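One structure is given here, and the rest of the page talks about it.
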Amino acid sequence: MAQSAVAEERAVPRPAPLSIPVRDIVPWAVFAAVLGLVLIYFVGAEQGATSLLSGTWVHEFTHDGRHLLGFPCH
Ligand SMILES: [Zn+2]
């Protein structure tokens, strides 16, 4: 009984591990990091004295995210 279970386990083909070269990942990782930093800036700091864009539409658009992430708001 135990030998047949071992034999069945050996018979199951296992997929080869997937290897992704680091050089293929780095540009996308840098892009994601820059995009994340821009998003964090607009959610967390685009208001008041640090505001780059005039008006309050960015503040209002990201307002719920600001509160969700715990940034000071009002
Ligand atoms: Zn608020």
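The values are calculated or read from the model by the stated rules, or taken from the named source; none is laboratory data. Here the structure is a predicted model, which means the values were calculated and not measured. Don't worry about glycine lacking a Cβ; one is built from the backbone with ideal geometry, like all the others, and counts go over all protein chains shown.
Observations on the model:
Residue-by-condition table, conditions (1) hydroxyl-bearing (Ser, Thr, Tyr); (2) out of contact with any Gly (no Cβ under 7 Å at 6 or more places or on another chain); (3) under 18 Å from residue 72 (Cβ atoms); (4) not in a helix (DSSP H, G or I):
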| site | (1), (2), (3), (4) |
| --- | --- |
| 25 | no, yes, no, no |
| 29 | no, yes, no, no |
| 36 | no, yes, no, no |
| 42 | no, yes, yes, no |
| 53 | no, yes, no, yes |
| 58 | no, yes, yes, no |
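- Check on residue 7, within 16 Å of the ligand (Cβ to nearest atom), modelled with pLDDT under 90 and not hydroxyl-bearing (Ser, Thr, Tyr): no
- Set 65, 48: member being surrounded by 10 or more Cβ atoms within 10 Å (Cβ to Cβ) and out of contact with any strand residue (DSSP E or B) (no Cβ under 6 Å at 6 or more places or on another chain): 65
- Only one entry of 14, 23 meets the criterion of being at pLDDT 90 or above and basic (Lys, Arg), and that entry is 23.
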